[in-house]
Each structure stands twice: as C-alpha cells, then as structure tokens.
Amino acid sequence: MNNEKIFTELQDIVGKAFVSNDPEELFLYSIDPGASEPHPIDFVVMPRTTEEVSAIVKLANKYKISVTPMGGGLTLSGLVIPVNGGIVVDMKRMDSIVEINRLSRYALLEAGVSTGQLQAYLEEHYPELQVSVPDAPPTVTVTGNALIHGSGFLSHQHGDHGSMLNGLEVVLPNGEICKVGSCALSDYWFTRGPIPDFIGLFTSSFGTMGIITKISIKLYPKAPVRDLVFGLFKKSKVIPELLYKVTSTELAEDILLGAQGKPDWMKGYIFIITYITGKNREELDKKEKKLKKIYRKNGARYMKAPPRIRDIFLEKPQFAAKAADFRKGGGFEYVGSFFPLEKVAEAMDRGAEISKKYGIIPTLGARIFGPTHTVMVFFSYSFNRADPDDIQNARNALHDTNEMTLELGGIPWKGELRAQQMILEKINPNYKYLLKTIKEQLDPNNIMNPGNWEVK
Ligand SMILES: Cc1cc2nc3c(=O)[nH]c(=O)nc-3n(C[C@H](O)[C@H](O)[C@H](O)COP(=O)(O)OP(=O)(O)OC[C@H]3O[C@@H](n4cnc5c(N)ncnc54)[C@H](O)[C@@H]3O)c2cc1C
C-alpha cells in the first residue's frame, strides 16, 4: 500500500487541514472509552460534503484500504476501532441542520449533527417540538445513535431510534450516492414506504454497508409539563405483571427500571420510574394517582422522590455516567440486550450475579420500548482504565452477559466483535447466507469496517 500517495490524494479531497497521519492524533482514533482492544489506524479524515465522502470511498476501493465511519465514537463497544487499520472517516464536520419540517414533524440532518446540537436548536426555534435523545453525552451524533438502534425518553411511546428514521442519504461501498425512503423520489423526507424498505440494511450493520451522509428523523410534540412517578420493590418476579399493567394504561411517556448497589439507599431495591406528561399539573396529578394504585396492586411501593433525585431523573439526557463510574479510573462498559418481557426479571437477576462474580457494584436497568413489545436491559461494568487486569475483568463480565442473553432468547445490543460472532453462531443459517450475499455484492473489496458482522 502506498501510504504517501493515499495521504496526498486524501488531502486533495478534503483539504490539508482535514486529513491527518500524525501518530498522536491517530492514537486517539485507535481506542474508545470502553474495554475493547485498541488497533492502530493509518489516516483520519474529516469530510465536509457528501461528494467528499464519495471520493474517499472511491479512493479506498482503488487502494483496497479499509474505511470506518465514525460519529461521536461513544458506543463503547469498539465499533469505530478499525480492526484492519485504514481510514477513519470522522463525520463531525458534516453538522448542518438542513431542514426542520414542522408540519410533517421531521428533522433533515447531516450525519455529524450531535444530539445536544439538535436539542438546543429545537428548544430555541421550535419549542413545541422534541427529538428523543439517548442518556449519552450530548456530543454523540443523532445518526450514530439511530444507526445502532439506540433509545431514549420517547422510546416507550415510539420505539427505538432506528425506527424513527424516515430516510437516508448514503454513500454505498462503491462510492455511489444513494437515497432510501421517500427522499429517493420526493422532496419530502417523510416516510420509509410504501416502497421496499432498505433503511434496515443500514441499522445495526455498524458501517459495513455504507456511509450515511444525511438522515431524516422523526420529531414529536412536546407536552407543557412532565413529571415522574417513583416506585420501589424488592423481588424481580413482580416485573412482568407490573410492567404489563403500567403499560396497559397508556399513561407513560417513558418507563425505566433500575437496580444499583450504590448509593446505599438504592441497595436491595429495584426501582421503577414512570414518566408522565400533560397540559397542566392537574392532569399529572390524575395520572399519578392511577399509577400509584397500579404500583400498590402489583407489588411495588410508591415513593415520593426527593427533589434532588427528581431533578436528576427529569433531565434529558440524564447524567448516566455519574452512576456508572464507581470503580474510578474512568472506564465503563455500558452494554445492553433486547429481551422479551417474560425474561427481564431473570436477566436482571443474572446481570447482578455477573457483577458480583467480577467484584463490580451492580448497576443495571431497563427501558420499555412500546407497550412491552421489547425491553432493553442495560448493564454497566465499571473498570479502572489504568489497570489491565481490571479491563480484562470488565471484558469477562461482558462476555458472560452476552452468553446469558443468548441463552435466555435475548439479543446483545451494539455487540462488540466477539458478541457479533456469538450471534452469528446461533443465527439461522439462511440469515447468514442473506447477509453474506448482500455484503459481497455491495462491498466486493470488503473495505467497509471489516471484521464487523463477518460471516466466516
Ligand atoms: C454515559 C453514556 C450513556 C449512554 N446512554 C445511552 C442511552 O441511553 N441510549 C443509547 O441508545 N445509547 C446510550 N449510550 C451509548 C452510545 O453513546 C450511544 O448510543 C451513541 O449515541 C452512539 O452514537 P455515536 O455518534 O457515538 O456513534 P459511533 O460510536 O460513532 O458509531 C456507532 C456505529 O455507527 C457507525 N456509524 C456512525 N456514523 C455513521 C455514518 N455516518 N454512516 C455509517 N455508519 C456510521 C459506526 O461505524 C459504529 O459502528 C450511552 C453512552 C454513554 C457513554
């Protein structure tokens, strides 16, 4: 591979200031904040336009060098650490909010727009509209999060963020620019169908099918007031009926479960937080009264949340990292798995056991997507980044969690390379055939984030 030539050609595409092969800068792109193995990379580029992305991918095909798209780089499972080195395409310069369609309620964004940026823009210009954001740092991209089936405070009502996508502009692995969804034939990016729906090809495929340059994401009305109804219980066995009954009321905006060994007052309890919204306080009071009754009838105790706790939990996003870093040293694996409701109690119990086995303070929880259609159970394994044994400890906890998830019939979310292989080992053989066939057709040089979803 002629690295000097590639470097000069990349400079010609994006300009000298936006390509680097400096070891110090490359180092930052060879790691992520989770426990995944680092891998050295060759170049990082920051394109400004779709045409530049297209030219980068065409160049990568010419030299058969790997390309890994990156948003905020905060997925924590090594998905933007290029296994074979090559070019990391950092999308953060593509940060225009192209259009807010107020009436059809969608935002058309370049792929580098962050969740914090969109949230702030809506608050200033369209205060009656909102976007569902993850409880992640506000520097993560709306695109990166939607592409990994992320979730946030509107996922109970409207599903995971991948399902909120209306359309994509994508640079395919051959460098050609393609549109999927209504934008393929209309000026309006308002729907995925009624044409064959290819958006799913690009979600949870971790940059292996192309580089997304624009997305349309759904926006939702924002209610004037919002509050939460806090409850506690000790035995996980109450979870299925409690969630079934709470969701049957259709009163909730969001529903979270949590179980933490720290702070001390949380130890030994599982807590449920049901978020409610309305036009005024009176409406919230009515909803709260109904939910209190359901909590009591189904094995949970209502608790008035102290103002400090209430304020933390009402933030959008919540500051989740604060709870996770019990170990100190700044590392935590934040993993999740999608489960059917009937397996959530066992998954949470076993997640807590895995934490204890590895000497980690249990920190886990769940978010309900739709009226119990899917439950995302999340596990956090903190580690000391300066201690290699402790990093390995978190990796082992992660591996046990993936095994447990697959055994219970769940699916690991945003799985690191090893988890992806565990999924592929269990998956229907013809699913594998389909995946391999599509991938080989689209990316015959295997340049797009290789190693991920690799059918061996
Ligand atoms: C404290 C903390 C709390 C969190 N809480 C949540 C939460 O509540 N909900 C949640 O969903 N997540 C949560 N996360 C996980 C994670 O941060 C987010 O999901 C994050 O939004 C991922 O977005 P990103 O921009 O960092 O994606 P990246 O890590 O940059 O990318 C994710 C994947 O998408 C690919 N990709 C990125 N951009 C493109 C593109 N333009 N084209 C093609 N492929 C692309 C990458 O190659 C990678 O495979 C949390 C993380 C932290 C650190």
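A few comments on the model shown:
- Largest to smallest principal axis extent of the C-alpha atoms in the range 187-344, angstrom: 49, 44, 31
- Rounded to the nearest whole Hz, the Karplus-based 3J(HN,Hα) values (6.51 cos²θ - 1.76 cosθ + 1.60, θ = phi - 60°) of the range 274-283 follow the sequence 9, 8, 10, 10, x, 7, 7, 4, 4, 5, with x at glycine and proline.
- Taken along its principal axes, the alpha carbon cloud of the range 1-125 reaches lengths of 51, 35, 22 Å, longest axis first.
- Its residue count N sets the reference 2.2 N^0.38 Å, and the alpha-carbon radius of gyration of the range 74-232 equals 1.05 times that reference.
- Carbon and sulfur %, accessible surface of the range 109-259 computed with the full protein complex present, 1.4 Å: 56 percent
- For the set LYS245/LYS432; LYS179/LYS432; LYS234/LYS287; LYS5/LYS436; LYS218/LYS436, the pairs lying more than 28 angstrom apart at their alpha carbons are LYS245/LYS432; LYS5/LYS436; LYS218/LYS436.
- A cut-off of 5 Å between modelled amide H atoms, ignoring neighbours fewer than 5 places along the same chain, links GLY150 with HIS161, GLY162.
- For LYS237, a cut-off of 17 angstrom between C-alpha atoms picks up these aspartates and glutamates, skipping any fewer than 8 places away in its own chain: GLU342, GLU346, ASP349, GLU353.
- With the biggest extent put first, the Cα atoms of the range 300-419 measure 41, 33, 23 Å across the principal axes.
- Stretching the chain fully between HIS158 and PHE198 yields a gain of 12.4 nm (0.36 nm per residue, less the alpha carbon separation).
- Descending semi-axes in whole angstrom, ellipsoid equivalent of the chain, from the Cα gyration tensor: 37, 26, 20
- The range 386-407 residues near the modelled GLU342 label - backbone nitrogen below 16 Å, point 7 Å along Cα→Cβ: 407
- Solvent-accessible heavy-atom area per residue, rounded to whole Å², over the chain at 1.4 Å: 44 Å²
- Residue-level accessible surface for GLU315, protein heavy atoms, 1.4 Å, Å²: 90 Å²
- Working note: Karplus 6.51/-1.76/1.60 with θ = phi - 60° gives the range 289-298 the couplings 4, 4, 5, 4, 4, 5, 4, 4, 5, 10 Hz, where Gly and Pro are set to x.
- Whether the range 279-363 is rounded, prolate or oblate, judged on the alpha carbon gyration tensor where a/c under 1.5 counts as rounded: oblate
The values are calculated or read from the model by the stated rules, or taken from the named source; none is laboratory data. In this text the structure is predicted, and so the values were computed from the model without any measurement. So basically every Cβ, Gly included, is an ideal-geometry build from the backbone, and we count neighbours across all protein chains shown. SASA here: full protein model, heavy atoms, side chains in, ligands and nucleic acids out. Shrake-Rupley method; radii C 1.70, N 1.55, O 1.52, S 1.80 Å.
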